[in-house]
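See below for the structure under consideration.
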Amino acid sequence: MGRGPINENNNVYFKARKKAASYNERLYSREGAAELLGISVSTLADYELGNTKVVPVDKVVLMADLYNSPELITGYCMRECPVHGFLPLATEEKSIQGIALRLLRGFNEDELKRMKEDLIEITEDGIISDAEIPKLKEILEKLEKMAEVISEMKITGEKYIKGV
């Protein structure tokens, strides 16, 4: 019997386990991973083949920790969690250099000062007028982009800290 699937499996849980197998040989097989996760092999297969509509959040957290893949949690929050599906979260690891540059650009002093002044002007009277709504939308869009970059930095930083 071969050591891999016949067809390419693009499931995030499968890919994370296979990537983690490079530093933990027990994760190469579903049997080894299922044992470490405390679940049955068939349950893990269902997760990895997409047969389970919603993977239990506690199992996602276990897989994220065991596989050193914090992006599994943010991906779950974006794709599966009915409450947090709207959050601007990163779902994949990206290069630390690109993230740092985008983060520093997003936290540009002049840009932040302008955003601060606009926000004060919009909110100081406690009423947001129709004329102020476009500026508020612009601020919220910028904040959402910054939140996503912060999420990317958190994922990548956690991986570097764990050293894997």
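The values are calculated or read from the model by the stated rules, or taken from the named source; none is laboratory data. The model shown is predicted, which means the values in this text are computed figures rather than measured ones. Note that each Cβ is placed from the backbone with ideal geometry, even for glycine, and that neighbours are counted across all protein chains shown. The protein model used for the area step is the full one, side chains on, heavy atoms only, and it has no ligands, DNA or RNA in it. Shrake-Rupley method; radii C 1.70, N 1.55, O 1.52, S 1.80 Å.
Of all residues in the range 9-39, those satisfying the criterion of being over 21 Å from the mean Cα position of the chain (by Cα), surrounded by 13 or more Cβ atoms within 10 Å (Cβ to Cβ) and of a type outside the set (Asp, Glu) are Asn24, Arg26, Leu27, Tyr28, Ser29, Arg30, Gly32, Ala33, Ala34, Leu36, Ile39. Residues in the range 117-139 that are part of a helix (DSSP H, G or I), of a type in the set (Asp, Glu) and open to solvent by 60 Å² or more (accessible area, probe 1.4 Å): 3 in all. Set side by side, the residues Ile99, Ile133, Ile155 differ, and just one is free of Cβ contacts under 8 Å to residues at least 60 places away in the same chain and either closer than 30 Å to Tyr23 by Cβ or in contact with a Leu (Cβ under 7 Å, 6 or more places away or on another chain) (or both), which is Ile99. Checking each residue in the range 76-116 for being modelled with pLDDT of 75 or more and assigned to a loop (DSSP other than H, G, I, E, B) picks out Ser95, Phe107, Asn108. Residues that are exposed (fewer than 14 other Cβ atoms within 10 Å of the Cβ) and either among the basic types (Lys, Arg) or in contact with an Asp or Glu (Cβ under 8 Å, 6 or more places away or on another chain) (or both) within the range 46-78 comprise Lys53, Val54, listed in sequence order. Scanning the range 140-164 for residues that are among the hydrophobic types (A, V, I, L, M, F, W, C), surrounded by fewer than 16 Cβ atoms within 10 Å (Cβ to Cβ) and not in a loop (DSSP other than H, G, I, E, B), we see that the one that is farthest from the chain's Cα centre (by Cα) is Leu140.
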